[in-house]
1. Of the conditions (1) under 17 Å from Ile25 (Cα atoms); (2) modelled with pLDDT of 95 or more, Tyr57 satisfies every one except a single condition; which number is it?
2. Please go through the range 215-258 and give me each residue that is assigned to a helix (DSSP H, G or I) and basic (Lys, Arg), ordered by number.
3. Tell me the residue from Leu119, Leu82, Leu123 that is touching a Leu at 6+ places or on another chain (Cβ under 7 Å), modelled with pLDDT of 95 or more and over 30 Å from Ile195 (Cβ atoms), please.
4. From the residues in the range 32-90 that are surrounded by fewer than 18 Cβ atoms within 10 Å (Cβ to Cβ) and among the acidic types (Asp, Glu), which one is farthest from Val161 (Cα to Cα)?
5. Select, from Thr40, Thr77, the only residue that is part of a loop (DSSP other than H, G, I, E, B), in contact with a Lys or Arg (Cβ under 9 Å, 6 or more places away or on another chain) and either in contact (Cβ under 8 Å) with a residue 40 or more places away in the chain or closer than 26 Å to Tyr186 by Cβ (or both).
6. Out of all the residues in the range 135-176, which are within 17 Å of the chain's Cα centre (by Cα) and among the acidic types (Asp, Glu)?
7. Would a scan of the range 151-170 turn up a residue that is basic (Lys, Arg), surrounded by fewer than 16 Cβ atoms within 10 Å (Cβ to Cβ), modelled with pLDDT of 95 or more and not assigned by TED's automatic domain parsing to the domain that holds Lys96?
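The values are calculated or read from the model by the stated rules, or taken from the named source; none is laboratory data. This is a predicted model, so every value here is computed, not measured. Every residue, glycine as well, gets a Cβ built from its backbone with ideal geometry; the counts of neighbours run over all protein chains shown.
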Amino acid sequence: MRKQLSVCLALYNEEENIERCLKAIVELANEIVLVDGHSTDNTLKIAKNFGQKVKVYKYPNPPNFLLNRQRALEKATGEWILVLDADEVVSSALKKEIQACISGGESTAYYLPRLNFFLGKPLHKGGVYPDYCLRLFKRGAGKYPLKSLHDQLELKDSEKVGYLKQNLAHYAYPSFQVYLRKWIQYCDHEADLLIAKKIKPSARLFLTYCILYPKWWFLKSYFRHKGFLDKFPGFVFALFSALRFIAIYIKLYEKQTR
């Protein structure tokens, strides 16, 4: 007998992505649980075209979207849960691997290798791949700690973890403009985390965030992890990943002196 699978997503204004995402998994899923942060575009209109499998719940859109993802997990009823973002796509090969795991796999939770696309190209180097994400697990296996935007699911000690081989395609940045918008949002969030820890701008913090960290990160990403093999997209991604530390410091300074 086929095991029940719930696919869970947290959404906010994803009309450009949601159809591609749901089309790839609608046959795989027994139910699709969507927690929407009061989208103002056609996200839900598009999602509801996928039929009765789609279950929609509305909550405010929180600064940390993982809160709504956790809410989606709590609404799911399947024995297994697959967590996705709207800008991710499950390939046919990955779908088959997921079906095999939930039908007779030895583990209760699985990491999926995520292949990130940037400036229209996949990033295979620079420390970006494989971008393992804990996305497939039995219901109740864990929860999100909600401390950071990039938290992985926090599993119970008894859970056995495995790794899948087929890639989860991630189209987070359809344009450089979208990348910059998300980049700024991330830097703003990281500055808020520093404020929550009562960290203030200082000469030492300036040296760390504006000189040491950017230099260290670029050298690690572009040379040590061979980001140069991804050509120009690899250079741009390594550069702005390094520059984020300077932006975080600027945001912190701005927030503290406003």
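1. Status for Tyr57: all satisfied but (1).
2. Lys215, Lys220, Arg224, Lys231, Arg244, Lys251, Lys255
3. None of the others qualify; the one that does is Leu82.
4. Per the stated criteria, the residue is Asp41.
5. Thr77
6. Once the filter is applied, which keeps residues that are within 17 Å of the chain's Cα centre (by Cα) and among the acidic types (Asp, Glu), the range 135-176 yields Asp151, Glu154.
7. Looking through the range 151-170, none of the residues is basic (Lys, Arg), surrounded by fewer than 16 Cβ atoms within 10 Å (Cβ to Cβ), modelled with pLDDT of 95 or more and not assigned by TED's automatic domain parsing to the domain that holds Lys96.
For (1) outside the structural domain of Leu123 (by TED's automatic domain parsing); (2) modelled with pLDDT of 95 or more; (3) under 30 Å from Glu16 (Cβ atoms); (4) not aromatic (Phe, Trp, Tyr), each residue gets a yes or a no:
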{"site": "Leu180", "(1), (2), (3), (4)": "yes, yes, yes, yes"}
{"site": "Ala196", "(1), (2), (3), (4)": "yes, no, no, yes"}
{"site": "Ile199", "(1), (2), (3), (4)": "yes, yes, no, yes"}
{"site": "Phe206", "(1), (2), (3), (4)": "yes, yes, no, no"}
{"site": "Cys210", "(1), (2), (3), (4)": "yes, yes, no, yes"}
{"site": "Phe223", "(1), (2), (3), (4)": "yes, yes, no, no"}
{"site": "Pro233", "(1), (2), (3), (4)": "yes, yes, yes, yes"}
{"site": "Ala238", "(1), (2), (3), (4)": "yes, yes, yes, yes"}
{"site": "Arg244", "(1), (2), (3), (4)": "yes, yes, yes, yes"}
